[in-house]
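*Asks:* What follows is a structure written as structure tokens; I'll ask about it next.
The values are calculated or read from the model by the stated rules, or taken from the named source; none is laboratory data. Note that the structure is predicted; figures quoted are calculated from it, not measured. Counting neighbours? That spans all protein chains shown, and the Cβs are built from the backbone with ideal geometry, glycine included. Accessible surface is based on the protein model in full, side chains and every heavy atom, while ligands, DNA and RNA are left aside. Shrake-Rupley method; radii C 1.70, N 1.55, O 1.52, S 1.80 Å.
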Amino acid sequence: MRKVAIIGIGQTPVAEHWEKSLLLLAGEAVFAALSDANTPTVDALYVGNMLSGLLERQEHIGAWIADWVGLRGIEAFKVEAACASGAAAFRMGVMAVASGEINSAVVMGAEKMTDSHPDDTTAALATAADADYEVIHGLSFISLNALIMRRYLHEYGWQHADFAPFSINSHTNALSNPNARLHIPLNKEKYIKAPMVSDPINLMDSSAIGDGAAAVVIVPAEMLRGQQPIISVIGSGAATDTLAVHDRREPLWLSAAEKSAKQAYRQAGVGPKDLDLFELHDAFSIMAALSLEASGFAERGQGPRLGLEGEILIGGRIPITTRGGLKARGHPVGATGMYQIVEVVQQLRGQADGTQVAGAKIGMAQNIGGSGATILTHILESS
Amino acid sequence: MSTEKFSQTAYQQQLGEGKLMASHCPACDASYLPPRPMCPQCFGAQMEWREMPTRGKLAAFTVVHIAPTAMIEAGYGRDNPYCSGIVELKNGLKLSAQITGVDVSQPESIKIGSSVQAEFVSRGENDDMRAFLIFKVIV
Ligand SMILES: [Zn+2]
């Protein structure tokens with residue numbers, strides 16, 4: 001297998017882009033990535049997206065976007081794995097280039113959510129859960145996370161307020177990210193008093209949905225001989241679990257996160273202590289804790305401690321959500337995984353203005369689909 | 001034995017008759033909800049229906065203030081929150097369900113571990129009529 005390098009990145013702000021269609025957003029991100037890579041064309045396009053069929057009544061968006069960006073004729077597919085669609089597309093692209101079958105590709109995520117009625121968006125997001133055995137019983141995507149959080153508080157004895165540092169960190173980091181959805185400082189009092197959504201999860205535990213697209217250009221690293229620095233993908237892992245939370249033997253353990261992280265660590269030959277930053281999937285504050293635990297940064301039930309002790313801040317032991325995370329950069333579901341990859345590249349290039357992790361060499365991204373049924377972990381290195 | 005026997009429709013129909021039925025693999029002595037026509041442990045297809053206990057305890061619950069579409073249509077939402085949760089049946093099997101008998105303004109009045117009893121209800125009209133399983137907290 002060939003080592004794969006990332007030579008270009010592009011992103012649109014995450015926002016309510018009422019004036020821009022899915023196609024316009026996708027095009028913006030692709031053009032930015034191609035221009036950043038200084039290349040006019042690629043051999044293939046892989047696009048992560050979850051909701052185009054449900055909300056836009058448009059499928060077949062691989063060919064649709066390829067034509068729009070002037071790449072008519074190339075291989076192009078949509079990859080879907082709920083909120084993990086972005087990282088799933090990335091893994092498809094990385095494997096295609098690593099295998100030798102494809103010599104260059106654009107991998108992107110694109111999502112358009114805010115044109116639809118909020119009820120339709122909620123219903124569409126719920127399709128990530130089990131329709132017949134979870135959703136008809138009144139469980140939305142949010143309430144499934146609420147069940148997990150309730151059980152977590154019960155088993156490990158944490159208070160809701162102990163999760164505040166996760167949301168505050170994401171909001172603080174987003175202040176320096178011009179592409180973030182929210183530029184609103186958050187403190188503990190505002191966190192505690194936020195309106196309830198599905199108890200114990202309130203509005204300040206929950207990520208902000210939005211429209212957006214993010215893209216990268218990948219090529220075999222061997223093409224870049226002599227250039228420096230090279231940012232390459234040194235680990236990629238993917239795993240699954242049951243769709244329904246109630247079917248899991250251990251509902252408080254993200255087994256797919258553990259499996260995919262171990263797979264990525266093994267490939268990369270690194271461990272949690274070697275990482276300079278971790279873009280994790282804080283769709284809800286509870287997911288930040290579970291992701292840190294399953295990826296080897298905290299013992300079971302001890303994730304909140306890393307927040308309370310400041311270890312997740314820039315300059316801490318393991319900085320997370322350095323550009324705002326899902327909470328504040330925003331969560332354009334199928335695009336989120338690609339925003340994470342773009343942000344890790346920014347950090348490794350030293351371009352994370354305002355929240356740069358000093359001397360960052362190795363960064364990880366973890367993208368979660370549904371309430372943990374699909375999880376992908378990627379490790380990037382600058383050398 | 002035809003595999004269609006263990007369909008979602010058959011499960012629903014039995015709920016309508018007031019029975020919570022799972023498919024059971026005699027070889028592994030394991031029960032499955034949703035009912036599966038094939039055992040994912042031994043790949044055996046000699047499944048049989050088995051009636052599940054209707055008593056259990058709460059494994060997790062949440063009071064939902066921002067409701068999904070189906071629940072808004074059923075009259076719930078911001079002004080009328082409801083409770084849903086995961087129930088662990090007497091035999092250890094878990095499933096999701098709406099939880100009734102809860103003062104939603106005081107969710108702390110129930111606890112993980114509270115006892116619950118199944119109730120079989122139907123919602124919708126005519127062709128859209130559908131049997132539901134809900135669980136009521138027993139005080
Ligand atoms: Zn069996």
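*Asks:* Students sometimes get this wrong: rank A:T121, A:T127 by accessible area, probe 1.4 Å, all chains present, largest first.
*Replies:* Descending order: A:T127, A:T121.
*Asks:* Something else about it: Per residue, how large is the accessible surface of the protein assembly as shown? Use a 1.4 angstrom probe and give square angstrom.
*Replies:* So the protein assembly as shown comes to 39 Å² accessible per residue, rounded to a whole number.
*Asks:* For B:A45 and A:F31, what does the FRET efficiency come to when R0 = 51 Å and r is the distance between their Cβ atoms, rounded to the nearest 0.05?
*Replies:* 0.45
*Asks:* May I pose another question? For region B:3-51, with equal point scatterers placed on the C-alpha atoms only and solvent neglected, what are the log10 I(q)/I(0) values from the Debye formula at q = 0.17, 0.19 1/Å, to two decimals?
*Replies:* The Debye formula, applied to the Cα set alone, gives -0.42, -0.51.
*Asks:* Please work out whether region A:65-121 counts as rounded, prolate or oblate from its C-alpha gyration tensor, where a ≥ b ≥ c are the square roots of the eigenvalues and a/c under 1.5 means rounded, while otherwise a/b larger than b/c means prolate and anything else oblate?
*Replies:* oblate
*Asks:* Give me, ordered by chain and number, the residues 5 or more places off A:S198 or on other chains with an amide H under 5 Å from its own placed amide H.
*Replies:* B:H65
*Asks:* Principal axis lengths of region A:289-383 from Cα atoms, whole Å, largest first?
*Replies:* Sorted largest first, the three principal extents are 33, 32, 26 Å.
*Asks:* Rounded to whole Hz and in sequence order, give me ³J(HN,Hα) for region A:258-273 from the Karplus expression 6.51 cos²θ - 1.76 cosθ + 1.60, θ = phi - 60°, writing x for Gly and Pro.
*Replies:* Going residue by residue, I get 4, 5, 5, 5, 4, 4, 5, 4, 4, 4, 7, x, 10, x, x, 6 Hz, with x marking Gly and Pro.
*Asks:* On to the next question. What whole-number distance in Å separates the alpha-carbon centres of region B:110-137 and region A:353-374?
*Replies:* For region B:110-137 versus region A:353-374, the Cα centre distance is 41 Å.
*Asks:* When only C-alpha pairs under 8 Å and at least 6 residues apart count, what is the relative contact order of chain A, in percent?
*Replies:* Reported relative contact order: 26 percent.
*Asks:* Here's another thing I want to ask about it. What list of ³J(HN,Hα) values in whole Hz, one per residue of region A:275-284 in order, does the Karplus curve 6.51 cos²θ - 1.76 cosθ + 1.60 (θ = phi - 60°) give from phi, with Gly and Pro shown as x?
*Replies:* Going residue by residue, I get 7, 8, 7, 9, 7, 9, 9, 8, 4, 9 Hz, with x marking Gly and Pro.
*Asks:* Just from the alpha-carbon atoms, what are the Rg and Dmax of region A:221-355 in angstroms?
*Replies:* Here Rg and the maximum Cα pair distance are 15.6, 53 Å.
*Asks:* Another question, if that's okay. What residues have an amide H closer than 5 Å to that of B:E119, excluding those fewer than 5 places away on the same chain, when H is modeled at 1.01 Å from N in the peptide plane?
*Replies:* B:I134, B:F135, B:K136
*Asks:* Checking the cross-link filter: which aspartates and glutamates have an alpha carbon closer than 20 Å to that of B:K94, excluding same-chain neighbours under 8 positions apart?
*Replies:* Reachable aspartates and glutamates: A:D130, A:D132, A:E134, A:E155, A:D241, A:D247, A:E250, B:D29, B:E48, B:E51, B:E119.
*Asks:* State the Cα centre-to-centre distance between region A:103-125 and region B:11-69 in whole Å.
*Replies:* Answer, in whole Å: 33.
*Asks:* Further, regarding this structure: Say each of A:Q351 and A:Q228 gets a label point 7 Å from the Cα, pointing the same way as Cα to Cβ; how far apart are those two points in nm?
*Replies:* Between A:Q351 and A:Q228, the simple spin-label model gives 2.0 nm.
*Asks:* Taking beta carbons within 10 Å but only from partner chains, what does the mean come to for residues B:65-76?
*Replies:* Mean inter-chain Cβ contacts per residue within 10 Å come to 6.
*Asks:* What translational diffusion coefficient, to the nearest whole µm²/s, does region B:55-137 have by Stokes-Einstein, given a Kirkwood radius computed over alpha-carbon pairs, a temperature of 4 °C and 1.567 mPa s viscosity?
*Replies:* Result for D is 98 µm²/s.
*Asks:* Next question. Buried by at least 40 Å² relative to the chain on its own: which residues of region A:241-260 qualify, computing accessible area with a 1.4 Å probe on protein heavy atoms?
*Replies:* The answer is A:H246 - residues whose exposure falls by at least 40 Å² when every protein chain is included.
*Asks:* Amide H of A:I209 versus every other amide H placed in the peptide plane: which residues, excluding those fewer than 5 positions away on the same chain, fall under 5 Å?
*Replies:* A:H331
*Asks:* Among residues other than A:E222 whose Cβ falls under 11 Å from its Cβ, what is the net charge (Lys/Arg +1, Asp/Glu -1)?
*Replies:* After counting each charged neighbour, the total is +3.
*Asks:* Taking every residue in A:368-376, how many Cβ atoms of other protein chains lie within 10 Å of its Cβ, on average?
*Replies:* The per-residue average across the peptide is 0.
*Asks:* Quick check: Cα centre of region A:1-42 to Cα centre of region A:278-345, how many Å?
*Replies:* Value for the Cα centre distance between the two parts: 23 Å.
*Asks:* From the gyration tensor of the Cα coordinates in the protein assembly as shown, what semi-axes in whole Å does the equivalent ellipsoid have, largest first, with each one equal to sqrt(5λ)?
*Replies:* Each semi-axis is the square root of five times an eigenvalue, giving 39, 26, 22 Å.
*Asks:* Please compute the average number of Cβ atoms from other chains found within 10 Å of each residue's Cβ in peptide A:201-212.
*Replies:* Per-residue shielding by partner chains comes out at 1.
*Asks:* Which whole-number percent is the relative contact order of chain B (Cα, under 8 Å, 6+ apart)?
*Replies:* 21
*Asks:* Which entries of A:K190/B:K111; A:K112/B:K5; A:K262/A:K361; A:K262/B:K90; A:K193/A:K259 have Cα-Cα distances beyond 30 Å here?
*Replies:* A:K112/B:K5; A:K262/B:K90; A:K193/A:K259
*Asks:* Starting from the residue with the highest accessible area, list A:S85, A:S99 in decreasing order, probe 1.4 Å.
*Replies:* Result, largest first: A:S99, A:S85.
*Asks:* Note down the nm distance, to one decimal, between modelled labels 7 Å out along Cα→Cβ at A:Q58 and at A:A194.
*Replies:* Between A:Q58 and A:A194, the simple spin-label model gives 3.1 nm.
*Asks:* Sticking with this structure for a sec: Sort region A:25-126 into rounded, prolate or oblate with this rule: let a ≥ b ≥ c be the square roots of the eigenvalues of the Cα gyration tensor; rounded if a/c is under 1.5, and if a/c is not under 1.5, prolate when a/b is larger than b/c, oblate otherwise.
*Replies:* Because a/c hits 1.5 or more and a/b exceeds b/c, region A:25-126 counts as prolate.
*Asks:* Quick one: net charge around B:G18, please, counting Lys, Arg +1 and Asp, Glu -1 for every other residue with C-beta under 13 Å from its C-beta.
*Replies:* -2
*Asks:* So what does A:E222 come to for accessible area, using a 1.4 Å probe and Å² rounded to 10?
*Replies:* Estimated to the nearest 10 Å², A:E222 gives 100 Å².
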